[in-house]
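J.: Please see the structure below; I have some questions.
Readers should treat all values here as calculations from the given coordinates under stated rules, not as data from a laboratory. What you see is a predicted model; the values in this text were computed from it and never measured. All Cβ positions, even for glycine, are placed from backbone atoms using ideal geometry, and neighbour counts span all protein chains on display.
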Amino acid sequence: MQTILGANGQIGSELALALKTDFTENIRLVSRNPKKVNDTDELISANLLNAFETQNAIAGSEIVYFTAGLPIDTAMWIDQFPIMMRNVIDACEIHNAKLVYFDNTYMYAQTTDLLTEETPFEPYGDKGKVRGLIANMLLDAMREKRVDAIICRAPEFYGPGKTQSITNTTVLDNLRAGKPAKVFISDDTLRTLIFTPDASRAMALLGNTPDAYGQTWHLPCDDNRLSYKQLITTASNILESNYKYTVLTKWQLKLISLVNKTVKETLELLPRYKVDNIFISDKFKTRFPDFKVTSYKEGLQKTLLETHE
């Protein structure tokens, strides 16, 4: 049995598809209100803040994928993420299940430094500190041999379906709706983005590769990075229309944050939009040379045109 915690999100849903396509039909989907992705999926309702429910959801699992997220709310992250991680680690230890954790890059410094699996944690802001804390909780459990685990780390998402990210919300969703895009801070810095189906396929592959355990892996991205200016130009060509965009400066975003809670919650992420974001996934690509990474052009086509298919 392979179990996905947080199965209703885009990553969890794509993961369920990838697992059935390439590895197994014995898939369990866990969330507060789980819905089937494949006809053969087993569903369990559980709250990961509850230790007993988490243990029950993981019982009988060989591999557990922790993809559960929370709304972009700092107070909620501080209160809930450490409890969720502790409950998942404890449950995997009790039931002798392997753990594959889907992580982000918030704990890294928001600078021009190349980001690799060896990059130290230097978080800027409370969200980054929480993500660093729970990653270290798992790293400690791995070192203590309490759980056999993998950390799968991804940069910002873009993609189809329910994909949630700044790029999707402020740029791609607006373009799909025929509206001008909104760009944070700069339109000419390079962005490393990961296509959500690629992230899920890569995580499924790592979870089913025995020698991948005990390590952190950067999930694979197209190295031909685009600036937002280039991304919007590519999107305009795909949509066959010349779309405009507005660059929102730091002071404008701070002003908007006074009346918009979502924007307020993104302020600590702004430094990474001021500089090139170079996320390196060479380790994965060397280990899995046959894995096909979706190009930005192909990923944008699938994202922007999905409602017309």
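J.: Residues that are over 30 Å from ILE63 (Cβ atoms), part of a helix (DSSP H, G or I), touching a residue at least 40 places away in the same chain (Cβ under 8 Å) and touching a strand residue (DSSP E or B) at 6+ places or on another chain (Cβ under 8 Å): does segment 208-228 have at least one?
T.: First, the residues of segment 208-228 that are over 30 Å from ILE63 (Cβ atoms): 224-228.
Remaining after also requiring part of a helix (DSSP H, G or I): 228.
Checking the rest, the ones that are also touching a residue at least 40 places away in the same chain (Cβ under 8 Å) come to 228.
Narrowing the set further to residues that are touching a strand residue (DSSP E or B) at 6+ places or on another chain (Cβ under 8 Å) leaves 228.
Yes: segment 208-228 contains one or more residues that are over 30 Å from ILE63 (Cβ atoms), part of a helix (DSSP H, G or I), touching a residue at least 40 places away in the same chain (Cβ under 8 Å) and touching a strand residue (DSSP E or B) at 6+ places or on another chain (Cβ under 8 Å).
J.: Here is a further query. Could you tell me whether segment 13-33 includes any residue that is in contact with a Lys or Arg (Cβ under 8 Å, 6 or more places away or on another chain), surrounded by 14 or more Cβ atoms within 10 Å (Cβ to Cβ) and not hydrophobic (A, V, I, L, M, F, W, C)?
T.: Taking every residue of segment 13-33 in turn, at least one turns out to be in contact with a Lys or Arg (Cβ under 8 Å, 6 or more places away or on another chain), surrounded by 14 or more Cβ atoms within 10 Å (Cβ to Cβ) and not hydrophobic (A, V, I, L, M, F, W, C).
J.: Within segment 263-273, track down each residue that is in contact with a Phe, Trp or Tyr (Cβ under 9 Å, 6 or more places away or on another chain) and of a type outside the set (Ser, Thr, Tyr). Can you show your working first?
T.: First, pick out the residues of segment 263-273 that are in contact with a Phe, Trp or Tyr (Cβ under 9 Å, 6 or more places away or on another chain): 266, 268-273.
Result: GLU268, LEU269, LEU270, PRO271, ARG272.
J.: Tell me yes or no: at least one residue of segment 192-203 is surrounded by fewer than 20 Cβ atoms within 10 Å (Cβ to Cβ), farther than 30 Å from ASN26 by Cα, within 24 Å of the chain's Cα centre (by Cα) and not hydrophobic (A, V, I, L, M, F, W, C). Explain how you work it out, then say what you get.
T.: Residues of segment 192-203 that are surrounded by fewer than 20 Cβ atoms within 10 Å (Cβ to Cβ), as a first pass: none.
There is no residue in segment 192-203 that is surrounded by fewer than 20 Cβ atoms within 10 Å (Cβ to Cβ), farther than 30 Å from ASN26 by Cα, within 24 Å of the chain's Cα centre (by Cα) and not hydrophobic (A, V, I, L, M, F, W, C).
Residue by residue, here is whether (1) in a strand (DSSP E or B); (2) of a type in the set (Ser, Thr, Tyr) holds:
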{"position": "THR40", "(1), (2)": "no, yes"}
{"position": "ILE44", "(1), (2)": "yes, no"}
{"position": "GLN55", "(1), (2)": "no, no"}
{"position": "MET76", "(1), (2)": "no, no"}
{"position": "LEU99", "(1), (2)": "yes, no"}
{"position": "GLN110", "(1), (2)": "no, no"}
{"position": "GLU117", "(1), (2)": "no, no"}
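J.: How about segment 34-49: which of its residues are surrounded by fewer than 16 Cβ atoms within 10 Å (Cβ to Cβ) and β-branched (Val, Ile, Thr)?
T.: Selection gives THR40 alone.
J.: Please find, within segment 235-252, the residue that is surrounded by the most Cβ atoms within 10 Å (Cβ to Cβ) out of those that are touching a strand residue (DSSP E or B) at 6+ places or on another chain (Cβ under 7 Å) and either assigned to a helix (DSSP H, G or I) or aromatic (Phe, Trp, Tyr) (or both).
T.: Per the stated criteria, the residue is TYR245.
J.: Out of segment 158-207, which residues are in a helix (DSSP H, G or I), touching a helix residue (DSSP H, G or I) at 6+ places or on another chain (Cβ under 7 Å) and more than 16 Å from PHE291 (Cβ to Cβ)? So that I can check it myself, show each step before the final result.
T.: We begin by selecting, within segment 158-207, every residue in a helix (DSSP H, G or I); these are 166-176, 196-207.
Then keep just the ones that are touching a helix residue (DSSP H, G or I) at 6+ places or on another chain (Cβ under 7 Å); that gives 166, 171-172, 175-176, 196-197, 199-204, 206.
If the condition is that a residue be in a helix (DSSP H, G or I), touching a helix residue (DSSP H, G or I) at 6+ places or on another chain (Cβ under 7 Å) and more than 16 Å from PHE291 (Cβ to Cβ), then ILE166, VAL171, LEU172, LEU175, ARG176 are the ones that fit.
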